[in-house]
Amino acid sequence: MTARQATWARAAMLAAAIVPIVVAIVRAIVRHWFPIGDNALLYIRVVDVGTEHHPLLGSWTSASLSVGENMNNPGPIYQDLAAPFAKLFGPGPGAALGVGTINILAVVGISLAARRIGGWLAEQWALLAAVALAWTMGSELLIDIWQAHALLLPFLLLLVLLAGLADGQTWCLGWSLAVASLLVQTHISYAYVLAILWPAAFVSYLLVRRGRPHLPWQQALRSRRALYIAGAMLLLWSQTLIEQFFGPGKGNLSRLAGNAGGGDLQVGLRQALGMSARVYTLPPWWLRSGFSSSVPSTPLSGTPEQPRIEIANLPNTLLAVVSLLALLALLGFGVVRHRRGERHVLASASLVALVGVVGSILAVSKLTVGPVGLAAHHVRLLWPLAVFVHTTALAVVVAEVRSRLPEQLPRSVHFVLPAIAVVAGVLAVPFLAQPQGPVAEYATMPTMRRIMPHIAQLKAVEPVLFDISTLRPFEPYSSTMLMTMQDMDIEFRVDDEGMVRQLGESRRADGSEPARVFQLQGPQAILYDGDACLVALASQLSPADEATALEYGEQLIDRLVQGSFGVADSAFVDGAEQQLADLNAAVAGDREAARKLVYEGTLSWWYYHGQLDAADDPAPLFPLVDTYLNTAYALFSDQSAPCPG
């Protein structure tokens, strides 16, 4: 390949990795996308940067549930990087541009670092890995601020830098520490695997350094580079240290250190081997099809006193061990085969990959399982590591095959990696929302769009207390409502300790708030008859379909009151006394009792379970009514001031 051809090939591979991110950003802006769920909660803290609510820490971590003490991820580097976009644009464009730009910088960093570490050949393999990872993630995760997804490409960048560090390249030292700081500060789960990976790469660096001309240690430690690295680390960790020593209460680093051992229930080595094999050595590996299924989210089993975690569909332990040993043998071969040759960078990459596999197995085995069980995102760092491992293993195989072929090969061979990367990049462009994390809740966005304009009325009763006691587990609405309040400059406060840790001490409620805002979902939202003001109510139905659903609901209520339905005695099993009382009241003319039976889904349940008898089949009425009652969402304000309108 000529220099000119290499330039064009490099540009094509870079475009293959970057264009899917750019398209995802543009698509989000055009479609008026905005963060929801945990993404909205994280974005609030991005907007807080440089304000009275400035975050000194990362987000509250769910590991708090496992250890019984509220903790945060160590630092706010990611928020700081994304903040300029939040200052210039609204929540949707700001989040998409911020996350997308960080991912683009990671890709460019992968390209530049690989080229400096190992030339054009190393750059090709590294860019191929970046494109493959972007394709696996799919378009929507490329702009997803959720830590489990936002850090995947930066982690791949770190792996490339560690390969350079292991190869004895001093310039990688500072950059690897900086990227590692970003990862650990943003999501503490990276600390466990990096506690193995980074020291291993550094030991390799020391060993390689001994065989090359170098400064004496005392002189090296006083060098300008060493001072720059020390200063950069102090700057990157300064906010964390300020909170630790000058923040209110127990410092976050002390909390993390005191709970470093995790909770009582851990994944264990057997299941860690199985999960690792599903990603590293057995199909579907790290591919798109396995992103949600290779490591399924798993609730706890057993008893509250003796909980267990049993992950389904893991391979036989013997098969997992044998396949992983085969992979490690191949990587070990790469280390030994090339450590003294011209492909010494490949040996270093093989070492990082080998240690990464072993280290990730150990890290996952020690992973604490909380009350909600194991979620797939808890081990998401396996994906970029697996892409790096497979790319390195393939490079080892190709290098061995190449050594046995004639010196001169057809020119077309040199375009194989760029061609594969371009194809993968094209495939990564179309819309794909992996059903993981907040992205899995995209169906709720139309509902939120209908609610958001009405939040402006809360400006008249600010500061408001946002009550989280009515929230359903893992619901996506509340954080988005808070993000909207922030965007409308409506002051909100919280009184839950976990939320205070998440949103900052400056948002702790003091009891003087003139309004308490809360949300209800499903039948509770529809049937609420308390004194609080309704801010807005909507469902996943379109306004027209919602009006039809309400019309159908009234028809069902009318037929109940008229006694048009017969209900089998078998419908009233133990615990159904209230339903029987409601039915009797409805037949006696009580429309509220009839409304309750319709919008709690009781009438529908009777029908679909063969317990309802009617001369005129009500089947056409139920689908819209059921969708309405199952997806209804309402926001209320319990305030001393009169309700607006």
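Scanning segment 459-474 for residues that are of a type outside the set (A, V, I, L, M, F, W, C) and in contact with a Leu (Cβ under 7 Å, 6 or more places away or on another chain) gives a single hit, Thr470. Of all the residues in segment 288-298, those that are in contact (Cβ under 8 Å) with a residue 40 or more places away in the chain and either touching a strand residue (DSSP E or B) at 6+ places or on another chain (Cβ under 6 Å) or of a type outside the set (S, T, N, Q) (or both) number 5. Among the residues of segment 284-298, are any over 24 Å from the mean Cα position of the chain (by Cα) and either within 30 Å of Thr240 (Cα to Cα) or at pLDDT below 95 (or both)? No - not one qualifying residue is present in segment 284-298.
Considered as a group, the residues in segment 565-606 that are of a type in the set (D, E, K, R) and in contact with a Ser or Thr (Cβ under 9 Å, 6 or more places away or on another chain) include one that is nearest to Glu554 (Cα to Cα), and that residue is Lys596. Taking the criterion of being among the basic types (Lys, Arg) and free of Cβ contacts under 8 Å to residues at least 40 places away in the same chain, the residues of segment 299-358 that qualify are Arg339, Arg340.
Matching residues to (1) more than 38 Å from the chain's Cα centre (by Cα); (2) part of a loop (DSSP other than H, G, I, E, B); (3) not assigned by TED's automatic domain parsing to the domain that holds Pro620:
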residue: Leu550; (1), (2), (3): no, no, no
residue: Asp558; (1), (2), (3): yes, no, no
residue: Gly575; (1), (2), (3): yes, yes, no
residue: Leu580; (1), (2), (3): yes, no, no
residue: Glu592; (1), (2), (3): yes, no, no
residue: Leu597; (1), (2), (3): yes, no, no
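Search segment 488-520 for residues being polar (S, T, N, Q) and crowded, with 20+ Cβ neighbours inside 10 Å, and hand back the single one that is nearest to Pro642 (Cα to Cα). Looking at residues that are polar (S, T, N, Q) and crowded, with 20+ Cβ neighbours inside 10 Å, I get Gln519.
Looking at Leu273, Leu236, just one residue is hydrophobic (A, V, I, L, M, F, W, C), in contact with a helix residue (DSSP H, G or I) (Cβ under 7 Å, 6 or more places away or on another chain) and either more than 30 Å from His390 (Cβ to Cβ) or not assigned by TED's automatic domain parsing to the domain that holds Leu385 (or both), and that residue is Leu236. Within segment 255-269, being more than 19 Å from Thr186 (Cβ to Cβ) and surrounded by fewer than 14 Cβ atoms within 10 Å (Cβ to Cβ) holds for Gly258, Gly261, Asp264. On the stretch given as segment 453-481, residues that are under 19 Å from the mean Cα position of the chain (by Cα) and in a helix (DSSP H, G or I) total 4.
Within segment 1-50, the residues that satisfy the criterion of being farther than 16 Å from Ala82 by Cα and among the basic types (Lys, Arg) are Arg4, Arg10, Arg27, Arg31.
Residues are listed down the side, and each one gets a yes or a no for (1) part of a helix (DSSP H, G or I); (2) within 30 Å of His149 (Cα to Cα):
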site	(1), (2)
Ala395	yes, yes
Glu400	yes, no
Leu405	no, no
His414	yes, no
Leu417	yes, yes
Ile420	yes, yes
Val423	yes, yes
Leu432	no, yes
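Contact map, segment 76-93: residues that are more than 14 Å from Leu183 (Cα to Cα) paired with residues that are of a type in the set (D, E, K, R), Cβ distance under 6 Å, separation 6+ or inter-chain. Pairs shown: Pro91/Asp487. Considering segment 112-189, the qualifying helices (runs of 4 or more DSSP H), each wholly inside and each with 3 or more residues that are over 26 Å from the mean Cα position of the chain (by Cα), run over 152-166, 171-186.
Screening Ala226, Ala180, Ala201, Ala230 for residues that are within 29 Å of Leu256 (Cα to Cα) and touching a residue at least 24 places away in the same chain (Cβ under 8 Å) leaves exactly one candidate, Ala201.
The values are calculated or read from the model by the stated rules, or taken from the named source; none is laboratory data. Computed from a prediction, not measured in an experiment: that's the story for all the values here. Don't worry about glycine lacking a Cβ; one is built from the backbone with ideal geometry, like all the others, and counts go over all protein chains shown.
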